[in-house]
Amino acid sequence: MTYVIVEPCIGVKDASCVDVCPVDCIHATDEDPMFYIDPDECIDCGACEPECSVQAIYTEDDLPEKWHGYTEVNALWFKDREAAREQVNQLKPA
């Protein structure tokens with residue numbers, strides 16, 4: 001199980017979650033619309049979840065069905081950032 005950042009982060013990018021992560025597994029660039037959690041680095045400590053001001057962080061097990069696509073997006077960003085950005089654009093509401 002890992003944590004996943006989902007749709008409410010888009011356009012907000014409040015870095016409170018980044019500041020509390022003990023393993024520095026939450027990343028984004030200036031051109032990204034949201035933050036992403038590296039599933040290979042996340043230690044499932046949960047420190048980020050309560051810090052998120054827009055409630056955009058969930059465990060994979062607690063992820064609402066409408067946001068299941070963001071599990072793949074978070075992992076993809078660490079392999080192919082442009083492909084992850086394209087998926088975010090497809091998943092986000094118009």
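Throughout, read-outs are computed from the coordinates displayed, never taken from laboratory work. Nothing here was measured: the structure is a model prediction, and the numbers come from that model. No Cβ is skipped: glycine too gets one built from the backbone with ideal geometry, and neighbour counts run over all protein chains shown.
Things to note:
- For the condition of a type outside the set (A, V, I, L, M, F, W, C) and in contact with a Ser or Thr (Cβ under 6 Å, 6 or more places away or on another chain), Pro22 does not qualify.
- Neighbours by Cβ (under 9 Å, 6+ apart or cross-chain): first from the stretch 75-87, among the charged types (D, E, K, R); second surrounded by fewer than 16 Cβ atoms within 10 Å (Cβ to Cβ): Arg81/Thr29; Arg81/Glu31; Arg85/Glu31; Arg85/Pro33
- Taken over the stretch 5-36, the residue count meeting the criterion of being closer than 19 Å to Asn89 by Cβ and of a type outside the set (S, T, N, Q) is 18.
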